[in-house]
Amino acid sequence: MKRVDKLVRSFVDQATGEGFELFLSPETEALRDLSQINDDVVFFQAKGGGLFKLRRDYTATIVEFLKKNPSDSLRVWYSGFVYRYDQTGQIQKTFQLGLEIVPYNSPQDNFVVLKVLIESVLNSLTDKLLIEVGDSRVIERCIQHVPKKFRKKLLELVDRKDVSELELFASLNNLDLSDVLKLVEASFTKRSVNQLKEFELDPSIEREIVELVDFLSGFSGVTVEIDFSLARTVEEYDGPTFIFFDLKDPALIAAGGRYRVNENTLGVGGTIFLEERAWSR
């Protein structure tokens with residue numbers, strides 16, 4: 001059996017066993033107006049002249065679904081392709097396999113999502129995982145004074161962990177990025193839960209991180225490290241985040257965390273990513 005086949009079967013078994021239901025959505029959506037077109041949107045024009053965009057992220061799709069179809073609760077799993085532009089401007093197709101819980105009620109929701117992802121991956125793709133744990137509120141605190149027009153580029157630089165580029169970016173735009181630089185530098189040297197005190201975290205954030213690390217440490221084959229410089233889609237997230245790396249065949253294979261649906265509601269989810277080299281074999 002192909003590893004991908006085994007992964008999907010294991011994931012579906014795990015998810016349905018935890019009470020998740022299949023979420024279906026089309027890959028395309030009609031563009032209501034041209035303001036929806038930006039550098040991140042992959043779109044095309046149909047024969048009749050209408051514009052359509054391709055799905056770029058399942059969590060965003062689910063949030064949009066909830067806006068149109070209000071629900072007291074949603075506990076779903078999904079699978080399908082998303083489409084984004086890569087750094088060269090080419091369309092990149094990625095297969096996503098994930099799950100979401102809305103609303104977020106307690107840390108137990110984090111644990112359920114992580115359990116499904118971890119056990120599915122360990123049963124099929126690898127037996128050695130590195131899970132990096134962060135919290136979007138930590139980096140948000142460091143960049144709250146940065147004008148919005150600089151944030152996207154700033155977060156791209158943070159993701160690359162290039163200190164010299166960050167220093168140059170700060171200098172060119174007259175920005176104080178000292179706290180951001182400290183987080184990036186700490187991502188190389190302070191990755192243990194025993195070093196949390198050095199970050200002077202809000203007690204509630206520190207407590208959540210400790211609980212999450214304790215939970216993850218209970219899985220055989222999983223190594224857990226702290227990285228508060230994790231910046232991916234930081235504006236969507238609102239709380240603990242996580243990223244999975246395969247230690248045998250170095251690759252990013254999953255990510256997720258808690259995010260804000262609206263002013264009053266949080267959700268939590270996680271996604272396994274399979275690029276073409278994995279799913280087309």
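The values are calculated or read from the model by the stated rules, or taken from the named source; none is laboratory data. As the structure is a computational prediction, the values presented were derived from the model and not from experiment. Note that we place each Cβ from the backbone using ideal geometry, even for glycine, and neighbour counts take in every protein chain shown. Surface areas here come from the heavy atoms of the whole protein model, side chains and all, with no ligands, DNA or RNA. Shrake-Rupley method; radii C 1.70, N 1.55, O 1.52, S 1.80 Å.
Below, the figures for the structure above:
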{"quantity": "Residues (in contact with a strand residue (DSSP E or B) (Cβ under 6 Å, 6 or more places away or on another chain) and not in a helix (DSSP H, G or I)) located in the range 206-220", "calculated": "SER217"}
{"quantity": "Matching option when the condition is open to solvent by 50 Å² or more (accessible area, probe 1.4 Å) and either at pLDDT below 95 or in contact with a strand residue (DSSP E or B) (Cβ under 8 Å, 6 or more places away or on another chain) (or both), among ARG277, ARG258, ARG191", "calculated": "ARG277"}
{"quantity": "Scan of the range 130-156 for residues that are more than 24 Å from GLU200 (Cα to Cα), within 17 Å of the chain's Cα centre (by Cα) and part of a helix (DSSP H, G or I), ordered by number", "calculated": "LYS152, GLU156"}
{"quantity": "Pairs where the first residue, in the range 5-21, is outside any helix (DSSP H, G or I) and the second is open to solvent by less than 40 Å² (accessible area, probe 1.4 Å), C-beta under 8 Å, 6+ apart", "calculated": "GLU18/VAL112; GLU18/VAL116; PHE20/VAL76; PHE20/TRP77; PHE20/LEU99; PHE20/VAL116; GLU21/VAL76; GLU21/TRP77"}
{"quantity": "Selection from the range 49-69 of residues that are touching a helix residue (DSSP H, G or I) at 6+ places or on another chain (Cβ under 9 Å) and either open to solvent by 40 Å² or more (accessible area, probe 1.4 Å) or small (Gly, Ala, Ser) (or both)", "calculated": "LEU51, LYS53"}
{"quantity": "Residue within the range 194-205 that is part of a helix (DSSP H, G or I) and touching a Ser or Thr at 6+ places or on another chain (Cβ under 9 Å) present", "calculated": "yes"}
{"quantity": "Some residue of the range 161-168 being within 21 Å of LYS115 (Cβ to Cβ), surrounded by fewer than 17 Cβ atoms within 10 Å (Cβ to Cβ), within 21 Å of the chain's Cα centre (by Cα) and of a type outside the set (Lys, Arg)", "calculated": "no"}
{"quantity": "Given (1) out of contact with any Ser or Thr (no Cβ under 7 Å at 6 or more places or on another chain); (2) in a helix (DSSP H, G or I); (3) within 25 Å of ILE101 (Cβ to Cβ), number of the condition ASP72 does not satisfy", "calculated": "(2)"}
{"quantity": "Residue that is surrounded by the most Cβ atoms within 10 Å (Cβ to Cβ), among those in the range 70-93 that are of a type in the set (S, T, N, Q) and modelled with pLDDT of 90 or more", "calculated": "SER79"}
{"quantity": "Filter result for PHE215 (open to solvent by 20 Å² or more (accessible area, probe 1.4 Å), touching a residue at least 60 places away in the same chain (Cβ under 8 Å) and touching a helix residue (DSSP H, G or I) at 6+ places or on another chain (Cβ under 7 Å))", "calculated": "yes"}
